[in-house]
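Written below as structure tokens is the structure these notes are about.
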């Protein structure tokens with residue numbers, strides 16, 4: 001493991017594994033003072049044990065990337081991404097996730113390019129619920145990561161079939177993949193849909209690393225990812 005990969009994993013090792021319980025359940029989170037301790041998952045952890053930009057984010061160079069869209073909070077001269085817990089809230093609802101992906105495909109596309117090695121996956125972070133036009137250079141396998149991923153089923157929508165190869169966690173362990181086929185709500189837009197099953201592990205950054213096959217020529221593919229755990233209507 002090279003030094004970049006080690007630092008990337010350390011930088012996100014305490015990211016929230018989940019503050020959401022199973023559908024229909026509620027969660028109980030400890031109350032932290034956000035000065036000497038911060039909430040990680042459902043427990044308070046000493047701030048000395050939490051890397052800069054944690055627990056709900058990680059550093060991209062000198063910039064804090066907060067996973068939930070919040071602004072970093074400065075504590076003791078350092079930036080942290082504070083995790084919130086919606087205690088006792090029932091998040092159960094039904095949603096047609098395939099229709100949601102089709103609606104998202106009508107929005108603005110962000111540009112991103114895969115990297116050519118697993119150890120570099122931290123360089124390309126694809127936000128959940130964000131539409132991308134992903135570039136795959138000719139003749140090279142490609143890697144990106146998406147997340148933050150908690151334990152569950154995550155849906156990957158692609159604008160072209162035959163390009164996606166496999167998925168891994170941040171340790172390089174292969175993840176279980178279910179090939180869904182085309183999104184029936186917009187098969188032309190998303191002809192290739194996959195569900196990736198991810199299990200969070202203590203001390204491991206919550207990244208789903210995606211590997212793409214090497215295309216013969218430079219290829220651009222539409223990409224969208226989000227949680228697939230909601231019931232379909």
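Readers should treat all values here as calculations from the given coordinates under stated rules, not as data from a laboratory. Bear in mind that the values here come from a model prediction, so they are computed numbers and not experimental data. With ideal geometry, Cβ positions are generated from the backbone for all residues, glycine too; neighbour counts draw on all protein chains shown.
If each residue of separation counts as 0.36 nm, what is the full-extension length gain between residue 84 and residue 217 once their alpha-carbon separation is subtracted?
43.4 nm is the gain from fully extending residue 84 to residue 217.
Tell me, in nm to one decimal, what length is gained between residue 153 and residue 173 on full extension, where the rule is 0.36 nm per residue of separation less the Cα-Cα distance?
Here the answer is 5.6 nm.
Along Cα→Cβ, 7 Å out, is where each label goes; now give me the distance between the ones at residue 99 and residue 195 in nm to one decimal.
Computed distance between label sites residue 99 and residue 195 equals 1.9 nm.
What spacing in nm lies between the two simple spin-label points modelled at residue 73 and residue 165, each 7 Å away from Cα in the Cβ direction?
Using points 7 Å along Cα→Cβ, the separation is 4.2 nm.
Taking every pair of distinct Cα atoms and averaging 1/r, then inverting, what Kirkwood hydrodynamic radius in Å comes out for the range 115-208?
Computed over Cα pairs of the range 115-208, the Kirkwood hydrodynamic radius comes out at 14.0 Å.
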